[in-house]
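This report refers to the structure that appears directly beneath it.
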Amino acid sequence: MTGNKLSKRRETSTEKSTSPTKQKESRPGHFSMVRNFYIADVITLMNGVCGIMSVFGSMRYLLSSDISDLYSAMYFMPFGLFFDFMDGRVARWRNNSSLVGQELDSLADLISFGVAPASLGFAVGMRTYLDTVILTYFVCCGIARLARFNATVALQPKDDNGKISYFEGTPIPTSLSVVALLAYFVVNNQYLDTLPGQIIQLSPTWELHPLVLIYALSGTLMVSKTLRIPKP
């Protein structure tokens, strides 16, 4: 009995002496998350960089009224689309992906194709209270669209390469069609006070730019359940 007690004490003391070492070994190192990024994840982050730079361009234009800032805001979004296209290609080429990469992709898309286009709409003149309500609706549709995609992508039918065969609702990058239209108006000096459609006085206190309704249409198409877009 005494021998058994002594052996148990030795085992306990051994565990105590080795437990700090085990804890040190299991503790993640500095910047371990960044060091574990795949190349595709870095490309996805570049999409997010383009999106936030576009937002800053719109903000700078509100302060400076310098048209070059507005052009900067518009130019960054197509670059974001390029990186959004490349990250999936690189992930399949390298045959590596992760749940973190999937979430990164959604968050970057929200900035580049949701927040940035809405910021551009505000910058070019859609600044009434009702305008901002519709721009907010557009961004919220983008959030819902990306959340639904992440929640259902595992259940959707896929081809031999693991790609889904269709999108439910329009993908959020299609918002660049709205950006292209606004870019056309800006190039032709049709923005701010000369924005097409001008402004509608709905009541003494409520005003609306009819052009902002294209954001409402774009957002509604994103969250459509019945609209199915074949994936190329």
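Brief remarks on what is shown
- Residue ID - modelled with the highest pLDDT, chosen from residues in segment 73-101 that are of a type in the set (K, R) and out of contact with any Lys or Arg (no Cβ under 9 Å at 6 or more places or on another chain): R89
- The number of residues in segment 160-181 being over 19 Å from the mean Cα position of the chain (by Cα) and at pLDDT 80 or above comes to 1.
- Test: residue in segment 188-201 that is farther than 29 Å from S72 by Cα, exposed (fewer than 15 other Cβ atoms within 10 Å of the Cβ) and either modelled with pLDDT of 95 or more or not β-branched (V, I, T) (or both): yes
- Total residues in segment 208-232 satisfying the condition of being within 23 Å of A116 (Cα to Cα) and either open to solvent by 60 Å² or more (accessible area, probe 1.4 Å) or part of a loop (DSSP other than H, G, I, E, B) (or both): the figure is 7.
- Residue identified as acidic (D, E) and open to solvent by 20 Å² or more (accessible area, probe 1.4 Å) among D87, D131, D105, D109: D105
- Beta carbons closer than 6 Å, at least 6 apart along the sequence or on distinct chains, pair a first residue in segment 128-157 that is touching a residue at least 12 places away in the same chain (Cβ under 8 Å) with a second that is open to solvent by 40 Å² or more (accessible area, probe 1.4 Å) and of a type in the set (D, E, K, R) for T128/E207.
- Tallying residues that are among the aliphatic types (A, V, I, L, M), buried (at least 17 other Cβ atoms within 10 Å of the Cβ) and in contact (Cβ under 8 Å) with a residue 24 or more places away in the chain within segment 53-67 yields 1.
- In summary, L70 fulfils each of the numbered conditions (1) of a type outside the set (G, A, S); (2) modelled with pLDDT of 95 or more; (3) open to solvent by less than 60 Å² (accessible area, probe 1.4 Å); (4) within 16 Å of L146 (Cα to Cα) with the single exception of condition (4).
- Checked against (1) more than 19 Å from A147 (Cα to Cα); (2) crowded, with 16+ Cβ neighbours inside 10 Å; (3) of a type in the set (D, E, K, R), R92 passes all but condition (2).
The values are calculated or read from the model by the stated rules, or taken from the named source; none is laboratory data. Keep in mind that this is a model prediction, so the values were computed, not measured. Quick reminder, even Gly has a Cβ in these numbers, built from the backbone with ideal geometry, and neighbours come from all protein chains shown. Quick note on the areas: whole protein, heavy atoms, side chains included, nothing else; ligands and nucleic acids left out. Shrake-Rupley method; radii C 1.70, N 1.55, O 1.52, S 1.80 Å.
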